[in-house]
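Accompanying notes for the structure given below.
The values are calculated or read from the model by the stated rules, or taken from the named source; none is laboratory data. Just so we're clear, the structure is a prediction, and the values are computed from it rather than from any experiment. For neighbour counting, all protein chains shown are included, and Cβ atoms are generated from backbone atoms with ideal geometry for every residue, glycine included. The accessibility values were calculated without ligands, DNA or RNA, using every heavy atom of the protein model including side chains. Shrake-Rupley method; radii C 1.70, N 1.55, O 1.52, S 1.80 Å.
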Amino acid sequence: LYEKQGLPVLSKTAKGQPSTAEAVLAELAEQGFELPQVIMQYRSVSKLKSTYTDRLPEQINPRTGRIHTSYHQAVAATGRLSSSDPNLQNIPIRTAEGRRIRQAFIAPKGYKLLAADYSQIELRIMAHLAQDAGLLDAFRHDLDVHRATAAEVFGVLSYMERTREQASEQGYVETLFGRRLYLPEIHAKNQAMRKAAERTAINAPMQGTAADIIKRAMIKVAQWLDDSALDARVIM
């Protein structure tokens, strides 16, 4: 790339070698260089092959003929459920090849797969936590939230400051339901570690509250399905 093709060196590794990290290749590809584009394509197809098309058939349960993931409650710091062997929360969708892999997931005969999600859940939680007049009004009247956010985020900016201070004083932040998220690095001497903990402090109440809401909803939906005797079940 750099010696034979003479491409510009945009970034170096810790050892001083020209970098071939994804972000660097993406930038070179954007500048119109052909080889980085090909390498990027190869990397993405190779990852799809090793993660999905090679692995998924090996993970089919011989008794059910289907794939079953494992869920973990205590891996993600925010309290979100995470999924492994295989990670079914991360099936690609952005590229055409990724979408073709999604087509391999089919419901049993006579059933359909239905996906439902909250719309802008974290922004809605932020509007509530910050009690930001502009955001609350935008959600009440179904306005373009991004435009409203750009116009008025005063409540959000003061909420962020308040949360930082609270995290520093207490060493933790809480979700709306009172679940604590501890931040041991909020007093770190290393500035980068401290800043990362501050960013987590601001994000965690929103992401954690979203996780709490979806878990409660999953329990209620499962109960509702049991009570109503509907021929349906929650799988993710």
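Annotations
- Contacts under 8 angstrom Cβ, first residue in the range 39-54 being in contact (Cβ under 8 Å) with a residue 12 or more places away in the chain and over 25 Å from residue 27 (Cβ atoms), partner open to solvent by less than 80 Å² (accessible area, probe 1.4 Å) and part of a helix (DSSP H, G or I), 6 or more apart: 52/101; 53/101
- Selection from the range 39-61 of residues that are open to solvent by 70 Å² or more (accessible area, probe 1.4 Å) and either in contact with a Leu (Cβ under 7 Å, 6 or more places away or on another chain) or closer than 21 Å to residue 5 by Cβ (or both): 41, 42, 43
- Cross-chain or 6+ apart pairs with Cβ under 6 Å, the range 160-187 first and within 17 Å of residue 78 (Cβ to Cβ) and aromatic (Phe, Trp, Tyr), then at pLDDT below 95 and open to solvent by 50 Å² or more (accessible area, probe 1.4 Å): 172/180; 172/182
- Selection status of residue 73, touching a residue at least 12 places away in the same chain (Cβ under 8 Å), open to solvent by 90 Å² or more (accessible area, probe 1.4 Å) and under 30 Å from residue 180 (Cα atoms): no
- In summary, helices (runs of 4 or more DSSP H) completely within the range 131-236 and bearing 1 or more residues that are touching a strand residue (DSSP E or B) at 6+ places or on another chain (Cβ under 7 Å) and within 30 Å of residue 84 (Cα to Cα) occur at 191-228.
- Of everything listed in (1) surrounded by fewer than 13 Cβ atoms within 10 Å (Cβ to Cβ); (2) under 25 Å from the mean Cα position of the chain (by Cα), the single unmet condition for residue 226 is (2).
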